[in-house]
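Worksheet: one structure, shown below.
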Ligand code: GUN
């Protein structure tokens, strides 16, 4: 079994991004600028956004974190997004999801100018991705593709089972892996809550991407020998043994599944780090297009 090491791969890619940023700044250009908007106090969202802001600093990006209380109205948030859309010094905007129930995520995503939608969630960008046109690919599936590419894994002809059909992970992942690209060219089965016999399907999989948000959902009896396992889950479990009072557990029972896998991502230290890395790549792309305008 080989670990798909998100720390190692993300360090490598972040190094490349930092060098590109340094070259732009040395030539007299401003740094790339990402604005992150966080509404409410959800601890996991706070942790994700603070990692994104920290990574911006590490790579020489400018970042602005805008925080709102959960009572913020949708109209107020949309007004702020419109203002940032018009600000030429901002290259990328992300609104951390989930949002409080009274705010429509669709309205918010559609308000972001597609050229600044570094999450790749806007319908225009999702449509371009589906057609294989250049665009911002949602960060988690993009990060997974970068990881597979880094390890030189040839996925062509493989059967991939994606568990979970969210708009931001499962569905785009199924599209990317089925496209005529490398990595890609897989035969993809997209499983969800109504799927019959997930275990039987997983047992046929050369690659399993687990993205359902259920701790240790994928167990060893669901995995064939030599399968490639990608664990997207970041579940917070209560723990007496850590200072924070919780520990992170993936959607895969790592301890037992790793004995059967050819490659496997750990949690933490796997897909999560790649997601941030992919977001930074998208922001650099947005910046390059913006300064060329
Ligand atoms: N919530 C969970 N994942 C993501 C992500 O990739 N981007 C945003 N904006 N919110 C998220």
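Read-outs throughout are calculated quantities, based only on the coordinates presented, and are distinct from any laboratory measurement. No experiment lies behind these values; they were computed from the predicted model shown. Heads up, the Cβs are rebuilt from the backbone with ideal geometry, glycines too, and the neighbour counts pull from every protein chain shown.
What is the spin-label model distance, in nm, from residue 64 to residue 22 if the labels are put 7 Å beyond Cα along the C-beta direction?
2.8 nm
Could you tell me whether segment 184-291 comes out rounded, prolate or oblate from its Cα gyration tensor? Rule is a ≥ b ≥ c as square roots of the eigenvalues, rounded for a/c under 1.5, then prolate if a/b exceeds b/c, otherwise oblate.
oblate
Which value, in nm² and rounded to one decimal, describes the direction-averaged projected area of the C-alpha convex hull of segment 1-148?
For segment 1-148, the mean projected area of the Cα convex hull comes to 10.2 nm².
What distance in nm separates the simple spin-label points at residue 113 and residue 150, each placed 7 Å from Cα in the Cβ direction?
It is 3.2 nm.
Run the simple label-point estimate for residue 247 and residue 159 please: 7 Å along Cα→C-beta, distance reported in nm.
3.4 nm
Can you give the extra length, in nm with one decimal, that the chain gains between residue 7 and residue 104 once fully stretched, where that is 0.36 nm per residue apart less the Cα-Cα distance?
Residue separation times 0.36 nm, minus the Cα-Cα distance, leaves 31.5 nm.
With runs of 4+ DSSP H residues as the only contributors, calculate the mean residue ellipticity of the chain at 222 nm using -39,500 (n - 2.57) per run, divided by the residue total and rounded to the nearest 500.
-12500 deg cm²/dmol
Can you tell me which of 46-55, 274-283 comes out highest on packing, and rank the rest after it, using the mean Cβ neighbours within 10 Å?
Final packing ranking: 274-283, 46-55.
Could you calculate the FRET efficiency of residue 79 with residue 293 from 1/(1 + (r/R0)^6), where r is the beta carbon distance between them and R0 is 30 Å, rounded to 0.05?
Rounded to the nearest 0.05, the efficiency is 0.80.
If r is the Cβ-Cβ distance from residue 87 to residue 57 and R0 is 25 Å, what FRET efficiency results, to the nearest 0.05?
The pair residue 87/residue 57 has a calculated efficiency of 0.80.
Sorted by packing (mean other beta-carbon atoms within 10 Å per residue), highest first, where do 175-183, 78-86 land?
Result, highest mean first: 175-183, 78-86.
Over what distance in Å are the Cα centres of segment 234-293 and segment 130-154 separated?
Here the two parts' Cα centres lie 15 Å apart.
Antiparallel as a % of all DSSP beta bridges within the chain, to the nearest 5?
About 10 percent, rounded to the nearest 5.
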